[in-house]
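A quick write-up on the structure given underneath.
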Amino acid sequence: AKMAAAASDLLTGWCLFGLALLAILIFCWVYVRKYQSRRESEVISTITAIFALAVALITSALLPVDIFLVSYMKNQNGTFKVWADANVSRQIEDTVLYGYYTLYSIILFCVFLWIPFVYFYYEEKEEDDGNTCSQVKTALKYTLGFITICAVLLLIGAFVPLDIPNKKNSTEWEKVKLLFEEFGSSHGLTALSFSISSLTVIGMLAAITYTAYGMSALPLNLIKGTTSASYERLENTEDIEEVEQHLLRIKSKCRDGRPLSSRDRRTLQQLEERLRTLRRRERHLESIEKSWWTKACEAIRPLKIVWGVFFIIVALLFTVSLFLSNLDKALHSAGFDSGFIILGTNLTNPLNMLLPVLQRVFPLDYILITTIVMYFIFTSMAGIRNMGIWFFWTRV
């Protein structure tokens, strides 16, 4: 009876994970559709963005499932429950492990092959309206560079970090043979782990810049508010009048039949293009001003201020928790060789104190983990929107 109840609970856990997957897909579709350009959107690029974001979020969602499965198989004292024998626990652990490596492999596929190919394909399409074959060839040529980087990372992860025994009488061929034997015994998992760790370093740099900036920009923008659509329409109308006056001054030069100079013709063409853009923006702002979403945002303006103050408190909570955690590792860890592993807790931080309290009531701790992940997504996007995407000093 206990085993049947345990199996039922595990099935319920996996069903909840399936519902979480569905919710993630719906969120990614709404999120990408909200921020993408309506005039320049493409079907394949939209699907790629939704799929890549969904895979990243599903990988994050697997972490609380892993915690749930491991903690559910054990008693309070750390021993395994009666029904969770060696065979059952090993099957569950292997299933989660295969889930991790499958998702990590899909992430590598997206980062080094699919996303670069789609990007370069549509870049080539904008520059040259040629046939599809030439666009595919050019995109594959540029994507080959990313595939080469991925192959180099996999080779480094497969062979370099291994601890090769130093035998005085061993030949070079025996050392190479041992390398391949070790690579085969690990089934290439070390190579995959090294590649994911390399991407994690890039993600850490992005977190230091965009996420950290967004943690302050998001709450301050909520408190400060944005420019209303009516005020933007007023500024846009003034810009239209200024461009129209400039156009009239240039056209007045040819009223007596004299042709315009090449410089005036270029200026006239640029001004006409700018006027079309401004009128397009005026129609867009007019539709925004009349939309129900704008009226709803104006109605919940006080709630935005409350959310801004709340996000500032959350940012301070993360800052204090990270500082105390790193200080604990610096003072009480086993050192650099062990990866700064901590044997016991010496300095507690607010998040570590909060998680055991919420764990007593299912599923409050998983709600907290989900909230943290979504918070980092929104703050990262806020940082990207405010700073823009830069590669060193070049704006992309």
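The values are calculated or read from the model by the stated rules, or taken from the named source; none is laboratory data. None of the values given here were measured: they were computed from a predicted structure. Because the Cβ atoms are built from the backbone with ideal geometry, glycine has one as well, and the counts that use them run over all protein chains shown. To get the accessible areas, we keep the full protein, side chains included, count just its heavy atoms, and leave off ligands, DNA and RNA. Shrake-Rupley method; radii C 1.70, N 1.55, O 1.52, S 1.80 Å.
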(request) Run the quick spin-label model on Ile67 and Lys81: label points 7 Å from Cα toward the beta carbon, then report their separation in nm to one decimal. (result) 1.9 nm
(message) For the range 99-117 and the range 212-242, what is the centre-to-centre distance using only Cα atoms, to the nearest Å?
(response) 37 Å
(request) Could you order Ile115, Ile47 so the one with the most accessible surface comes first? Probe is 1.4 Å. (result) Ile47, Ile115
(message) I'd like the FRET efficiency for Asp94 and Ile240, computed as 1/(1 + (r/R0)^6) with the beta carbon distance as r and R0 of 45 Å, rounded to 0.05.
(response) 0.10
(message) Under the 0.36 nm per residue contour assumption, what length would be gained going from the current alpha-carbon distance of Trp114 and Phe340 to full extension?
(response) 77.8 nm
(message) Using only alpha-carbon positions, what ratio does the radius of gyration of the range 241-337 give when scaled by 2.2 N^0.38 Å?
(response) 2.30
(request) Kindly sort His284, His332 by accessible area of their heavy atoms, largest first, with the probe set to 1.4 Å. (result) His284, His332
(message) Tell me the relative contact order for the range 231-290 as a rounded percent, counting alpha carbon contacts under 8 Å between residues six or more apart.
(response) 56 percent
(message) With every protein chain left in place and a probe of 1.4 Å, what is the accessible surface of Met353, to the nearest 10 Å²?
(response) 110 Å²
(request) Could you compute the FRET efficiency for Ala330 and Leu25, with r as their C-beta to C-beta distance and R0 at 51 Å, rounded to 0.05? (result) 0.80
(request) Rank Ile240, Ser262, Leu285 by how far each Cα sits towards the positive end of the charge dipole of the range 231-290 (+1 on Lys, Arg Cβ; -1 on Asp, Glu Cβ) and give me just the farthest. (result) Ser262
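Taking the Cα centre of the range 230-280 as the origin, how large is its charge dipole in debye, to the nearest 20, when only Lys and Arg (+1) and Asp and Glu (-1) carry charge on their Cβ atoms? Show your work: numbers first, answer last.
Details: 13 positive and 11 negative charges, 92 e Å.
Dipole magnitude for the range 230-280 comes out near 440 debye.
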(request) Would you mind calculating the gained length between Phe376 and Leu358 on full extension (0.36 nm times residue separation, minus the Cα-Cα distance), in nm to one decimal? (result) 4.4 nm
(request) Run a plain Debye calculation on the range 231-290 (Cα atoms as equal point scatterers, no solvent) and give log10 I(q)/I(0) at q = 0.14, 0.19, 0.23, 0.24 Å⁻¹, rounded to two decimals, same order as the q list. (result) -0.46, -0.70, -0.87, -0.92
(request) Return the distance in nm (one decimal) between the two label points of a simple spin-label model at Leu260 and Ser216, each offset 7 Å from Cα along Cα→Cβ. (result) 4.7 nm
(request) Please give the length that would be gained between Ser197 and Ser105 if that part of the chain were fully extended, namely 0.36 nm times their separation in residues minus their C-alpha to C-alpha distance (nm, one decimal). (result) 31.9 nm
(request) With θ set to phi - 60°, apply the Karplus curve 6.51 cos²θ - 1.76 cosθ + 1.60 along the range 279-284 and write out the HN-Hα couplings as whole Hz, x wherever there is a Gly or Pro. (result) 5, 5, 5, 5, 5, 5
(request) Please calculate the 1.4 Å probe accessible area of Ile106, with all protein chains present, and give it to the nearest 10 Å². (result) 50 Å²
(request) Provide Phe120, Phe336, Phe362 ordered by accessible surface of protein heavy atoms (probe 1.4 Å), highest first. (result) Phe336, Phe362, Phe120
(message) Give me the one-decimal nm value for the distance between modelled label points at Met204 and Leu368, 7 Å along each residue's Cα-to-Cβ direction.
(response) 2.5 nm
(request) Any chance you could look up the accessible area of Val396 with a 1.4 Å probe, heavy atoms only, rounded to 10 Å²? (result) 120 Å²
(request) With a 10 Å radius around each residue's Cβ, average the other Cβ atoms per peptide and rank 291-300, 217-226, highest first. (result) 217-226, 291-300
